[in-house]
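Worksheet: the structure to be examined is printed underneath.
The values are calculated or read from the model by the stated rules, or taken from the named source; none is laboratory data. Nothing here was measured: the structure is a model prediction, and the numbers come from that model. In this analysis, Cβ positions are derived from the backbone assuming ideal geometry, glycine residues included, and neighbour counts consider all displayed protein chains.
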């Protein structure tokens, strides 16, 4: 036979030359070279060698098992094309040794060699152990039996079956001699210095020149016999190693591992008993700072920890757990066991014991578990929606299709006792009399199933609940509530609503108004219906102010237009409900400015004033800008163009027509060099009554008070100024006057009284500097502001008093996270500032900044805190986050995953409390083949809705979603390639990326051998050391070598409502949950080796990422529902 070359190309075969049976005088043919070494069918191949024979004769040439047809033949060369019918790949015909038994022994040991292609009989074939020939006693095509040669030295050799001149293709090693075997290690773990006893055989009676090591680290044994070695652990790093005794030059051939580490220790459990789902705190030492691959088990049942530190683990008792020991396994080393008792599940009561479909039912008992997880409730085999779940109480809603029968609870596969429950008919309305009427109308509702007593029952009449005067199972009498509008009549009992019957609430409706326009003091008649037979608490609005009522009936109201009212609408308010609105014009009213452009400019600047009521022509009209009359360019009823006078100063723009002044808007005249800095008078619009006195101030461009100015009044008969700095203003007589100081002005209007006209602006603060918005202050003894003027992103925040004076101004630095700061009035008269990654308070009296609560975790520094909500006691509620490497990768410095509701003390900037939310957990387990995809448990924090809502009960509320995902992966029944190919491919990727081109070439050869494919371009890249193109080549074929892993995935999605008090007390309620499953099974089909089927069950909301929107809760007992929206 010819010797085969291992060819690594697209078509690579071993060539076999078969000659007639050789005589003793003949020599076997020998192949020395093949050219080319690869090619497709039809490729002409030249085979060089010797002893082929001068002519072909009866000799044959084969490519593997395919006979070729030579085109030329001589004693030293044959030329032949690759025969048709051959498929791509290599063909091996050399012997292959698959196993040895035994795989070690001294000379003379009889060894059974198993494999293929040995030949039916030995003939001229040879078996060698290394270079030493053996003398077989038995030979077949698949098995050879032979003793080890007597003159062989000790050591490791590889057997070789030479058949037809061809060496064995592959073989496991054989150890000549009696190598040591380690069978036991005690203890199996420990730190350096720990004395370890190793038991086994063939160690030798004394140590002599033998050596011992832990992995590659040498040890110094203190005791040595043929069956036992005692040695301390040398100084070495933590980890798993294999002990090795080298005796007579022979390495140990079998040994269990030893782990260099100290085992974790559990010192206590809290609690020590409870049902499945009970959250247990495990306290001890050496658990590790993060979970990593470590685990917790309750009597063998794996638990999913929600938090993990070196001394404490928190985990819920898993489903299927039984009473027994809790054990922590850290870094492959198990702790001591501490007993935990799994409680039984028991129902003690059901309230109510009967109710209709849709009613909430409270099940009381024990052993339910702190959270529902995968536990269930059954109402006569019907699984209801569970609104809340705790260890002793479950609130479930009777679902459609439920019939009377037993109720049970199943926790961790254990089912409780049962109690009977009766499903009753829901409330049903048969008549409503009357079916319409205004507020105060008494209505009788007749039907069935209302309940003998009202209890928590309610009656809806229109848009509001009616006031019940009597209640029975068949009749309810109630009164239509004030403020109700038309809608339905409906009864709600035991959390379940009856059918709806239309109900009309009679409300005010205007059909006409005469006249549709009138001056102040004019009488107007409004006609319509539903006004009520008497005015009572009713009101009429004409234009922009309430009117004085002259007469009132159900169909007609007569009223007088109020002084100071401007054009607007007419509408009637009765029984808390407004009528429709009808346009109404007030004639002869004051002009009204809506805008000015520009709002700053020096003398000569043209300004456009827009608004209404200016008059069709100027007439006696006046345009006033900055304490002086402006020059009019054009005038219409809605627009006036003027030129700023040269003597104008900062102040206001206003229009006078027919003796009535308009409202005023701020106008700034920039200061010029030599006149000092920009000054603004504050307030710059003031309304007063004769005899009133008040303060005024001048502010510089930095919003700080300016003194030493000269103050003047344009008319001291109307307004006088004191000699103080700044002065006090006294209103002396009705009229209008301008106050000037430092190149700025303020407009003062004095009224005779006894009160300011309706709608009059009392004062206007121009909010100088960087002010971009206003926030009302909450009145408080510890605050002076009536309103806050705040900057957009960095600048001055200003506290403005109720008289318009700026009480304090403080600088707010810009946000480095957002493009703006956000402000929130607190309930101590101060202002809270949120910049994204910091929250702090400005004191209500001084504007002083208190210490800030700053983001410290990598996650919160990245995404910011949740938007704050401010409690009435000043507590700032926000959401803080952290994301550990298991979810966020190595770039984070966070050591845990979580989202917390944090209550910040605004006076210190420190957290009063941190209430955790439930994390998302993803647990993946896989067999050895599929573990390349990764596995273990990953925690990710939730995203609670923010800002939290602070309700009337004083608690802050938020909603969020958590998920528990469990997935099992295993190798598919059929893979496109042999299993070994995937290991070779993985190694090829790693070695290429690390630049180990020699190893990568070996990986590639093994991959081609396993798959029958060749990758010439990749081979060329690796041989040339071209890492860039080699990596790209591998990336292009990666998809073909993805491991097909069947999977089964279960996801439980839970909707939470979290309630937190300002003292840190909290309740986390699961109001709904959904269970989804998805099973994926790969089943290759013709033409698609990656075909699979996928079966899903459940609402389909949780197998992939989803977003949930929480609807408004319309009643305390309403059932919350969600609409899952796939992202």
Looking at 200, 164 in this structure, which one is surrounded by 14 or more Cβ atoms within 10 Å (Cβ to Cβ) and farther than 29 Å from residue 137 by Cα? 200
Assuming residue 290 fulfils every condition listed in (1) at pLDDT 85 or above; (2) out of contact with any helix residue (DSSP H, G or I) (no Cβ under 8 Å at 6 or more places or on another chain) apart from one, which condition is it? (2)
Quick check, is residue 806 within 30 Å of residue 733 (Cβ to Cβ), over 30 Å from the mean Cα position of the chain (by Cα) and either surrounded by 23 or more Cβ atoms within 10 Å (Cβ to Cβ) or outside the structural domain of residue 903 (by TED's automatic domain parsing) (or both)? yes
Name every residue in segment 809-845 that is more than 30 Å from the chain's Cα centre (by Cα) and over 19 Å from residue 870 (Cβ atoms), in order of residue number. 809, 811, 813
Being touching a residue at least 12 places away in the same chain (Cβ under 8 Å) and under 16 Å from residue 95 (Cα atoms) is the filter here, so list the residues in segment 109-123 that pass it. 112, 113, 114, 115, 116, 117, 118, 119, 120, 121, 122
Just a yes or no: is a residue in segment 887-896 closer than 29 Å to residue 316 by Cα, at pLDDT 95 or above and either assigned by TED's automatic domain parsing to the domain that holds residue 801 or under 26 Å from the mean Cα position of the chain (by Cα) (or both)? no
On the given criteria, is residue 282 part of a strand (DSSP E or B), touching a strand residue (DSSP E or B) at 6+ places or on another chain (Cβ under 9 Å) and in the same structural domain as residue 328 (by TED's automatic domain parsing)? yes
Taking into account only those residues within segment 436-465 that are farther than 29 Å from residue 574 by Cβ and out of contact with any strand residue (DSSP E or B) (no Cβ under 7 Å at 6 or more places or on another chain), which is modelled with the highest pLDDT? 452
Criterion (surrounded by 20 or more Cβ atoms within 10 Å (Cβ to Cβ) and part of a loop (DSSP other than H, G, I, E, B)) met by exactly one of 489, 439: 439
In segment 1070-1091, is there at least one residue being more than 28 Å from residue 873 (Cα to Cα), out of contact with any helix residue (DSSP H, G or I) (no Cβ under 6 Å at 6 or more places or on another chain) and modelled with pLDDT under 70? yes
Of all strands (runs of 3 or more DSSP E) fully inside segment 568-618, the set with 1 or more residues that are free of Cβ contacts under 8 Å to residues at least 40 places away in the same chain and in contact with a strand residue (DSSP E or B) (Cβ under 6 Å, 6 or more places away or on another chain) is 568-574, 592-597, 606-612
Report yes if residue 243 is within 49 Å of the chain's Cα centre (by Cα) and within 18 Å of residue 181 (Cβ to Cβ), otherwise no. yes
Can you name the number of the only condition in (1) crowded, with 23+ Cβ neighbours inside 10 Å; (2) in a loop (DSSP other than H, G, I, E, B); (3) in contact (Cβ under 8 Å) with a residue 60 or more places away in the chain that residue 648 fails? (3)
Criterion (within 18 Å of residue 437 (Cα to Cα) and in contact (Cβ under 8 Å) with a residue 60 or more places away in the chain) met by exactly one of 506, 468: 506
For the subset of segment 538-557 comprising residues that are in contact with a strand residue (DSSP E or B) (Cβ under 8 Å, 6 or more places away or on another chain) and assigned to a loop (DSSP other than H, G, I, E, B), which member is farthest from residue 438 (Cα to Cα)? 544
On the given criteria, is residue 782 farther than 28 Å from residue 845 by Cα and touching a residue at least 40 places away in the same chain (Cβ under 8 Å)? no
Criterion violated by residue 224 - all others in (1) touching a strand residue (DSSP E or B) at 6+ places or on another chain (Cβ under 7 Å); (2) surrounded by 16 or more Cβ atoms within 10 Å (Cβ to Cβ); (3) not assigned by TED's automatic domain parsing to the domain that holds residue 136 satisfied: (1)
Surrounded by fewer than 18 Cβ atoms within 10 Å (Cβ to Cβ) and either without any contact (Cβ under 8 Å) to a residue 40 or more places away in the chain or part of a strand (DSSP E or B) (or both), is that true of residue 931? yes
With a cut-off of at least 1 residues that are more than 30 Å from residue 258 (Cβ to Cβ), name the strands (runs of 3 or more DSSP E) lying wholly within segment 124-212. 126-129, 143-147, 159-162
Looking at segment 1042-1069 only, could you name the residues that are surrounded by fewer than 19 Cβ atoms within 10 Å (Cβ to Cβ), out of contact with any helix residue (DSSP H, G or I) (no Cβ under 9 Å at 6 or more places or on another chain) and outside any strand (DSSP E or B)? 1061, 1063, 1064, 1065
Is at least one residue of segment 204-215 surrounded by 13 or more Cβ atoms within 10 Å (Cβ to Cβ) and at pLDDT below 90? yes
